[in-house]
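The values are calculated or read from the model by the stated rules, or taken from the named source; none is laboratory data. Note that the coordinates shown come from a computational prediction; the quantities given were computed from them, not determined experimentally. Please note: Cβ atoms are built from the backbone with ideal geometry, for glycine as well, and neighbour counts cover all protein chains shown. Surface areas here come from the heavy atoms of the whole protein model, side chains and all, with no ligands, DNA or RNA. Shrake-Rupley method; radii C 1.70, N 1.55, O 1.52, S 1.80 Å.
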Amino acid sequence: MSTANASLEMKTERQPWGLRDTIWTALILLGSYFAWDVFGSLMDVYEIGILIGFAAFWIWFGRFWPSIQPYSYATAVLSLLAIWIYIQNGNVYEANETAFFLKYLISSQSAIMWMSALFVIATAAYFGGLFAKSESINQFASFLAWAGAVMGTVGMMVRWHESYLINPDYGHIPVSSLYEVFILFAVMTTLIYLFYEQKMRTRAMGGFVMLIVSASVAFLLWYTFDRGAHEIQPLVPALKSYWMKIHVPANFVGYGAFSIAAMVGIAYLIVAKLKESNSQASFVQRMPSLESMDDLMYKTIALGFAWFTIATVLGAMWAAEAWGGYWSWDPKETWALIVWLNYAAWLHIRMSKGWRGKPMAWWAVIGLFITTFAFLGVNMFLSGLHSYGEL
Amino acid sequence: MSQPDNQNAKPDTAPKKQHRIQWGAFLGSMNLAVTLLMMLAIASVIGTVLQQNQPFQDYIIKFGPFWTQVFNSLGLFHVYGAAWFILVLLFLLISTGVCLTRNTPGFLKDMKQFSEGLSLNAYKHQPQSITYTPDHFDADQATQLLEQQGYKVKQHERDDGRTIAGMKGRWNRWGYILTHVSIIVICVGGLMDSNLLLKARELSGNLAPETRSVPLSQIPQKSWVGDENFSFRGTVNVAEGQKTDVLFLPYDRGFLVQKLPFTIDVEDFRIQYYDTGMPKNYASDLVLTSPELDEPIRKTIEVNKPLYYKNYAIYQSSFGDGGSKLDLQVHPLLAREFKPLELNTSVDQIETINTPVGKFRIEFNDFKLHNIVPNSEEEQAKTGKKMHNNGPSIIFKVRNEEGKAWEYENFMVPSQQEGRWFYMTGMRTATAEPFRYLFLPADENRKLDRFFEFLTLINDPDRTQATLKDALPAEGVDERTHEMQLKLMNQLLMLFRRQGFTGITRFVEENVPAEDQKRVRDYYINQTSLALQTLYLSVLEKEETQDLETISDFNKQWFEDAMVVLNSLSNYGPPLFFELKDFTHIQSTGLQITKSPGKDVVYFGSTLLIIGVFFLFYMRQKRVWLAFDNHHQTLTVAGKDTKPLPETEKEFNRLVDALQAQTGIKQ
């Protein structure tokens, strides 16, 4: 191993506690205290628990993955700016049509449009960097992906505020409709990808992964302009629960990670195919090794599986409270089980039979279809208790 | 369920029990496990694609009798309760169990095993191994280094030197055990909550579900279950002010009645709406009384906020009408005088009405207090509101003696359309269709009086004849022609009342030579209109407030609107109109009550599962050995990961680097 590599390696090792971490912790504690101070009267004991838990998790996460710190700062600054502008303009929803910054930049709709544009350009830039063999284009692509993630998160944060502006009765965290969770999906997938991009020190897979993000952006745009799905709707009584705040995001770590695994699987299959004809092809040289892509598939599926397990268990607990039974064989529930069984089988085959390579890559790609059906198809074709995001 | 890498496991030492071992090998094999997982997945897919537990009739309509029979015998309409599905689950349990019993002892041993007693040569053949000559090697310092890196350390004195064995991440093995135990625990919990016991009782013949919809008192004892029922989940609707001590459990194609060991009084039910008319929240004030309780429990339950009592949970699951009292006026549409019948009834009641065209059964199905609908864009601009409320409505079916039903939705108060007020009444003959609405124009008092005055006048040939004769004197024609014209008008009116203008057109088409049709039709329609106008004027005349010299725009418009209604009244079904005059709103709350002893078991299993999954994926079991060779003064560093990953090598190298920095390397 070369020394240059070794020094890079050390970067991912745990750094000693520094000023940066102190500021990070202090700001999160301050922000959480502020949230509690302002909104505490509206929260029930579980929501306060979630706030505390989230603050602790985010402090840890900021240390575990330092890049999340600037991302969080940017999101917080822009979101607060948007809210401040709303307040300056009489705190009415209609201000998003008149106030310049809201109209063009950081009202939730504008921010989401920015996110959409940034993600699509990032996809193109990643591919551009890959084919032009340009590290600077690649870096730019990463920057765009980060910026898109920030704008998407800002969009959701501001949407949360806007839902209360439209009507205090409507107010809710924006993870309740298909439109809202698609934003969550795009942001989450990008962030998980960016994490592995840093960890594996290669940007070559960016284009492939961002393809699925771009696809979800395309759906989002169609859903907005054709169906007007972006309009903020009130919650049905069954969704009015603190469980939504944890069940839905946990699910989307799973969906995001599974999607990445599938896209890496596609990259794997392409590289494997090209390698058969010419192992010295420059494309093959530029892509990560088959082994490391195989490993990344395993890691993302393991991550997704773990979170998907949590999400499904949380969902069962919520179902027990809202519908009176932890398991009702509702189509969404059942499809969550199917997804879970599929990846359980994948992991079993890999861990104990030691399968690697092409069949597993194909399986990961098929897994995406199953996941997509669970996520989208169930809403489109099957009706049941989960009919919140009908197409 | 998994075949672990068994480098550490001893070879099989029981060849004599070969037969049994092969069975075990089959049941515990990975292939079987993955096959079962996939079968479960496919069965689940079928269960979602094919709608479950629907009425049998629906399946026959969808698939035809043959396939319905085939699907039914395969249990596809109740996949999750089908015997083969349970069998797959059972096999999965056995497979998991076999795998677990086979691997756990080895794993538990492996977790304690540092393999510190191997020979120097064995270490040199580990997956990672490097041998070098250290400048100075200190066993305690090296131990410290390993401990800093999170290893547990054991030292061993060999004949030819010393071994320091380190291990970390032993929790990984616990991950395997926990995940697999958890699957068994979850399945056992699920089984506790299944209706297997009821199935057994049904098979033994002392339980039969009720399939009719009959009053509670008529349900035979065979359809009742009592306290002995271990686990259930059912629903019951209770009107405000009423109470219940039973629950209805859906079972097969019918239901069972569950006797509860307590009584629930519903003191009040409340519902709040968003401005869109969507329910925002609903809540019931309950009082739970039980002989075991000194004080009854009072609690308000809401969606997502159930009441827990012992091992029962009571949920707010739905709401509906609890028998609202309705005061109605029935207008027979063929009556010759305006004298509506009074009818006092309530939702869920059935009334019978005799009419000249037969006997009708009226089933009052529902009452809605609010009907909130979106405003059109014009209305939005005018009122600034997105929604408006059309007020209370009743939904009911009118069934004739042959059983054919018409369903109606009638509104109590008029609503505004383009500046005019109308009483809306919707009709449909199939529940799948949307309602088609008639808009009965309200008079100046916003009532229906004028409409029924007008209608009953048209219905009455004697009064019509007299009125027309009065109003249309014979001018320029002889008496006989005039008589004929009046008679024609009367007949045309009857035809119009029965079939509308299309009836007149059809009459002309069937009875008049083609070349004369247009002329005759125009004449007939002209005459009909003239007759209707004349009758309308006489109705206006009777309303003393009307000034007949100049007919107001309102009255002109009213006539047009009434004509639209009269023209299509023939398609309205049975000749009865129900006007809601007054009501007393009584709501009912839909409660879901469960007893679920398996719930905590499932939750416990789920917790094990989550912990296990994290151990399995994020704890890596690693071993390192530092074996010092006294003869050659060399140090062999060896490492082995239970599940090698690409970073294994790098991590090992990093450890070696750290070690070499400590010990130095003899040049």
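Membrane-span-like helices in chain A (whole DSSP H runs, Cα extent of at least 27 Å along the helix axis, mean Kyte-Doolittle hydropathy of at least -0.5): A:19-39, A:45-64, A:68-88, A:108-132, A:135-166, A:178-200, A:206-227, A:243-277, A:290-322, A:331-353. Under the combined filter of DSSP loop state and at most 13 neighbouring Cβ atoms within 10 Å, segment A:135-239 retains none of its chymotrypsin sites (Phe, Trp or Tyr not before Pro). Can you grab the distance from the C-alpha centre of segment B:164-234 to the C-alpha centre of segment B:331-392, Å, no decimals? So the separation of the two Cα centres works out to 47 Å.
In segment A:348-380, the residues whose accessible area drops by at least 50 square angstrom when the other protein chains are added to the isolated chain are A:His348, A:Met351, A:Ser352, A:Lys353; the probe is 1.4 Å and only protein heavy atoms count. For the set A:Lys245/B:Lys595; A:Lys240/B:Lys581; B:Lys199/B:Lys397, the pairs lying more than 31 angstrom apart at their alpha carbons are A:Lys240/B:Lys581; B:Lys199/B:Lys397. When the accessible areas of A alone and B alone are added and the area of the pair subtracted, with a 1.4 Å probe, the result is around 4800 Å², both sides summed.
In terms of the Cα gyration tensor, with a ≥ b ≥ c the square roots of its eigenvalues, is segment B:453-579 rounded because a/c is under 1.5, prolate because a/b exceeds b/c, or oblate? Here segment B:453-579 falls in the oblate category.
Annotation: per residue accessible area for segment B:453-579 equals 55 Å², rounded to a whole number [probe 1.4 Å, protein chains only]. Using a probe radius of 1.4 angstrom, the carbon and sulfur fraction of the accessible surface of the protein assembly as shown is 59%. What number comes out for accessible area per residue over chain A if the probe is 1.4 Å? Units Å², please. Heavy-atom SASA per residue in chain A reads 42 Å².
Each Cα pair under 8 Å and six or more residues apart adds its sequence gap; the mean of these over the residue count of chain A is a relative contact order of 13 percent.
The alpha-carbon of B:Lys666 sits under 12 angstrom from the alpha-carbons of these aspartates and glutamates, leaving out residues fewer than 8 places away in its chain: B:Asp135. Relative to the longest principal Cα axis of chain B, at what angle does helix B:83-112 sit, 0 to 90 degrees, rounded to 10? On a 0 to 90 degree scale, this one is about 30. Helix B:553-568 axis versus longest C-alpha principal axis of chain B: approximately 70°, rounded to the nearest ten. Alpha carbon centre of segment B:582-611 versus segment A:35-87: separation in Å? A separation of 32 Å, based on Cα centres. With R₀ set to 51 Å, the beta-carbon distance separating B:Tyr618 from B:Glu379 gives a calculated FRET efficiency near 0.30. Looking at segment B:365-472, the trypsin sites (Lys or Arg not before Pro) that sit in a DSSP loop and have at most 16 other Cβ atoms within 10 Å of their own Cβ are B:Lys385, B:Lys386, B:Lys404, B:Arg446, B:Lys447. Which is the longest stretch in chain A that no exposed loop site breaks, taking sites as trypsin sites (Lys or Arg not before Pro) with a DSSP loop state and at most 16 other Cβ atoms within 10 Å? No qualifying site falls inside A:202-355, the longest such stretch. Over the residues of chain B, the helix contribution to mean residue ellipticity at 222 nm works out to -13500 deg cm²/dmol, using -39500 (n - 2.57) for each DSSP H run of at least 4.
Pairs exceeding a 21 Å alpha-carbon distance, out of A:Lys199/A:Lys353; B:Lys152/B:Lys640; B:Lys299/B:Lys368; B:Lys339/B:Lys542; A:Lys332/B:Lys62; B:Lys243/B:Lys325: A:Lys199/A:Lys353; B:Lys299/B:Lys368; A:Lys332/B:Lys62.
Solvent-accessible surface, computed for protein heavy atoms with a probe of 1.4 Å, shrinks by 40 Å² or more for the following residues of segment A:161-188 when the other protein chains are added to the isolated chain: A:Asp169, A:Tyr170.
Secondary-structure-derived ellipticity at 222 nm for chain A, considering helices only, amounts to -25500 deg cm²/dmol, per-run term -39500 (n - 2.57) for DSSP H runs with n ≥ 4.
Helix B:171-192 and the long axis of chain B differ in direction by around 40°, with both axes built from C-alpha atoms. The GluC sites (Glu not before Pro) found in segment A:87-164 that occupy coil by DSSP, while having at most 16 further C-beta atoms within 10 Å, are A:Glu94.
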